[in-house]
Amino acid sequence: MSHGALDPSLARHLARIEAYVRHSGLQPVPPGRTDLRRALAAFMEMRTPALLDAWLEDVGPVLAIPEADWPEIKADQTAAVIRWARHVADPSNIETYLFLRAHTRRGFIGRFPASRFLAAQMRFVDHLADDIRREYAGDPQRTAELLSLLRQEFQARVLHITDFFVEAREEELLEQEASYRRAIDRAPACILMVDAASGIVFGANQVAERLLGYGRTMLVGRTLGELHPPSDRAHAAALWQVALERGHASGLLAAGIAHELRNPLAIVMNALYDLRQILDGQNPEAAEDLRIAEEEIERAQAIIKNLLEFSRESGAELERLDVNDLLSRTLQLMQKHLQNNGVRVTTELGPIPPCLANVNAMRQIFLNLITNAVQAMPEGGELMLRTALVGENRIRLDVRDTGVGIPREHLQDIFNPFYTTKAPGQGTGLGLSVVHSILQRYQGEIQVTSEVGAGTTFTIELPCQCHFEAD
């Protein structure tokens, strides 16, 4: 396949790596050694099946790959080596790189750090090299030639894979930026983007345009102070100074609003309670109106709770935490809710050390993800929770449901504040954004895979700072 038949970005990538390998001394075996290439390719295809069990025993525990997944990993690795061997035999065959590029962006490979994937491949090449040494022990020259070509081809492969991972992350960042821009533009609040050094506005969302009465082009270039009434400018300037000093101010604003709303809502809820006692079931229509009002107030209180969590400062109340124990207690707390909704729970809680985190924040993550899973299974279903140690200092939590799934085009938006696919009144759109915010606070990550009609899996990874202390 000629590079000209590919999409331009991939063609440029392949040409760039080929030129780098050719001119940097990483190609000691000349391209014309087709005999050697075919010999190595045949050896790779023939010996790979026998090497994979030992390879999985090496990398499986280290990379925390459950044994139940080993057969699938074995099949994938076999197919990958065969594709690679075809490229070794004929460098114009770039099927292996088409596959790798696609899967570092959207497939299984892209769900994990590049270092994890490369470490596994390095270990496989070690096994392959040892097998070559055993097979050609009586022919040192042939051994050296095959090992030299294997090393050369793997070095080029590492360069390709590394670039593919970087390109995928850059693409992901661009998509996230576009997604955040859409979320900001659609957010039900006035949002202005202001340069910290000069105080000059360089962006605004639709609500800002509507509330301030200016188009975006008229807002850009003005100072933040100009947009406030004269009587409010001193207070606005003080808030701006706080934002510059602390690195934030609008989180503080959300917390202030939430606290201000909480008190009048509590008063209204008490009044509704008194009215219900007065009616004492004598007016069914009024009782139904009261029920609806109470549900709506509870929904508003849930939004307030999420806003407070969203704005909470990052260093609060950190302690050594047994994640498995907290997850088990959270499930006990939700047991009745799960049973009422026909959700059956299975757990695989692996041995993980204590972690340094905030108990309330972690409980909020568990509650939100489990609640989200239950809502995705309106007819009931299976909820699978799994924890494992990933490497030496990182833990993973998988939350898998058998629910309705999330369409691919919605996956990039689900962590945006106020974004929801639920019917009106059934969700605030803050649950997953709160989870995302908390995980960012603790240098964690969350990823999602989903298939419409089959279910969704959320995968969380968290640094486990207490690991070495726990040992």
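The values are calculated or read from the model by the stated rules, or taken from the named source; none is laboratory data. All values reported here derive from a predicted model rather than from experimental measurement. Cβ coordinates were reconstructed from backbone atoms using ideal geometry, including for glycine residues, and neighbour counts include every protein chain displayed. SASA here: full protein model, heavy atoms, side chains in, ligands and nucleic acids out. Shrake-Rupley method; radii C 1.70, N 1.55, O 1.52, S 1.80 Å.
Miscellaneous remarks
- Inter-label distance for residue 245 and residue 392, nm, one decimal - labels placed 7 Å from Cα along Cα-to-Cβ: 4.2
- Applying 0.36 nm per residue to the separation of residue 293 and residue 98 and subtracting their alpha-carbon distance, the gain on full extension is 64.5 nm.
- Separation in nanometres of the label points that stand 7 Å from Cα toward Cβ, at residue 269 and residue 236: 3.5
- Note: relative contact order over the stretch 1-135, using C-alpha pairs below 8 Å and six or more positions apart, is 29 percent.
- With a Förster radius of 35 Å applied to the C-beta separation of residue 69 and residue 34, the computed FRET efficiency comes to 0.40.
- Dimensions of the stretch 56-190 based on its C-alpha atoms, expressed as ranges along the principal axes with the largest first, amount to 77, 36, 19 Å.
- Extension reserve of the residue 90-residue 16 stretch, reckoned as 0.36 nm per residue once the Cα distance is removed: 24.8 nm
- Each Lys and Arg Cβ is given +1 and each Asp and Glu Cβ -1; about its Cα centre, the stretch 1-109 then shows a dipole of about 640 debye.
- Among 294, 461, the sequence by solvent-accessible area, most first, with a 1.4 Å probe is 294, 461.
- Ordering of 195-206, 17-28 by burial proxy (mean other Cβ atoms within 10 Å per residue, highest first): 195-206, 17-28
- Cα gyration tensor shape for the stretch 24-66, rounded if a/c is under 1.5, else prolate or oblate: oblate
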